[in-house]
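Undergrad: Following this message is one structure expressed as structure tokens.
Derivation of every value follows stated rules applied to the coordinates shown; laboratory data play no part. Bear in mind the structure is a predicted one, so any value in this text is a computation, not a measurement. Every residue, glycine among them, receives a Cβ derived from its backbone with ideal geometry; neighbour counts consider all protein chains shown.
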Amino acid sequence: MDGGDKQGDGLHLVYVGKSRRRYLISSDVIDHPLFQIIAQRHADRDSSGGAGTVVGCEVVLFEHLLWMLVNADLQPDSVDELVEYYTC
């Protein structure tokens, strides 16, 4: 992800799913290692080069991911499974 994704107030533009639903996501979430891996996996598969960060999972899964990143204590040994789940 590049600095061009930043929208001010520490928010970053993220497009989710086939519909490319638009989210403004906090830097805390963007900087989370799990989010970074998921976003990078999609970037590696998608060469469209559009503006903003794109996450390819379904919107409902992304909303669950956001909840987990904010509320759950993720253990390092579960990260690989979560990456596979959210990079559908």
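Undergrad: So in segment 3-86, what percent of DSSP beta bridges are antiparallel if you round to the nearest 5? Please report the intermediate quantities before stating the final value.
TA: Numbers: 8 of 11 bridges.
Antiparallel bridges: around 75 percent, rounded to the nearest 5.
Undergrad: Further question: At a Förster radius of 22 Å, what calculated FRET efficiency corresponds to the Cβ-Cβ distance of Asp77 and Asp46, to the nearest 0.05? Show your work: numbers first, answer last.
TA: Details: r = 28 Å, r/R0 = 1.28.
The value I calculate is 0.20.
Undergrad: Shifting gears a bit: Would you mind getting me the FRET efficiency between Asp31 and Met68? Use the beta-carbon distance for r and R0 = 25 Å, nearest 0.05. Intermediate values should be presented prior to the final figure.
TA: Values: r = 15 Å, r/R0 = 0.61.
Given R0 = 25 Å and the Cβ-Cβ separation, E is 0.95.
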